[in-house]
Amino acid sequence: KKDLILGIKEGANEHRLSSDNLDEFRSMWRALIPDFRILCLAESPEHPAMWSHYAKQYSGVVLEFQCVDELDSPWLAAKQVRYPESKPEVYTADGWANFLTMPNEKAIRSILDISTFTKSQDWSYEKEWRITSFKRPNDIGHFTDYKFHPDELSAVYLGPMVATPDREILIKLAENYTNAVVWNVFIGLDREFKFEKQG
């Protein structure tokens, strides 16, 4: 995030944000967004909509990570997403006017924070946390793969609709992670998720 802020500041320092250079700021923002990275995490594997939206209609898996102080786990940098009852002030005319009169660095930090860590209440069931970073020099495309330490993987939840061949492969792969507990996920008669420890 630090690199992103510095990059925006380089272009913004020449002009204080105002209505006259708002288009310039928007262009600069659109140019930087493809290099911005956001890792989205959730607090719980129990919400049905999460499985439906993000785990291929219940046929995927959920990975659970733990923070390990000795490994300086990146999860420690996660910041909780906010779900306010009303939109942030920047969505109003007065709020936008206030934003335009802020010192450049404060304005940049403010817009980054709002755009990254604020969502409408419709999404509050996600109980989401996010970690932000920036595209590395050798990265290509709009996605970045980061490695994690094997000790950080604490559980693997196999969705109710995971195909049997895939389930067997995933259980075998999980054996490489000594701290990881494998859970089979079922949908009960009450339509609630049930979790059964594998093996």
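The values are calculated or read from the model by the stated rules, or taken from the named source; none is laboratory data. In this text the structure is predicted, and so the values were computed from the model without any measurement. In this analysis, Cβ positions are derived from the backbone assuming ideal geometry, glycine residues included, and neighbour counts consider all displayed protein chains. Surface accessibility is based on the protein's heavy atoms, side chains included, excluding ligands, DNA and RNA. Shrake-Rupley method; radii C 1.70, N 1.55, O 1.52, S 1.80 Å.
A few remarks follow.
- Using C-alpha pairs under 8 Å with a sequence gap of at least 6, the mean separation divided by the residue count of the chain gives a relative contact order of 29 percent.
- Accessible surface of the stretch 90-143, 1.4 Å probe, proportion on carbon and sulfur as whole %: 57 percent
- Solvent-accessible surface (1.4 Å probe) assigned to L39 amounts to roughly 80 Å².
- Accessible surface calculations at 1.4 Å, restricted to protein heavy atoms, place the chain at 66 Å² per residue.
- Rounded to whole numbers, the Karplus 3J(HN,Hα) couplings from phi for the stretch 184-199 are 8, 9, 10, 9, x, 5, 8, 6, 9, 6, 10, 10, 10, 5, 5, x Hz, using 6.51 cos²θ - 1.76 cosθ + 1.60 with θ = phi - 60°, and x at Gly and Pro.
- Every helix of 4 or more DSSP H residues in the chain counts as -39500 (n - 2.57), and over all residues that averages to -9000 deg cm²/dmol at 222 nm.
- Under 5 Å, built H, 5+ apart or other chain: amide partners of R37: S133, F134, K135
- Screening the chain for whole DSSP H helices of 30 Å or more along their axis (Cα) with average Kyte-Doolittle hydropathy at least -1.0 returns none.
- Surface listing: R37, R136 arranged by accessible area from highest to lowest gives R136, R37, probe 1.4 Å.
- Where chymotrypsin sites (Phe, Trp or Tyr not before Pro) fall in DSSP loop in the stretch 115-199, at most 12 other Cβ within 10 Å: F143, Y146
- Here r is the Cβ-Cβ distance between R30 and L76 and R0 is 30 Å; the resulting FRET efficiency, rounded to 0.05, is 0.45.
- The stretch 55-139: trypsin sites (Lys or Arg not before Pro) falling in loop per DSSP and having at most 16 other Cβ within 10 Å: K56, K119, K127
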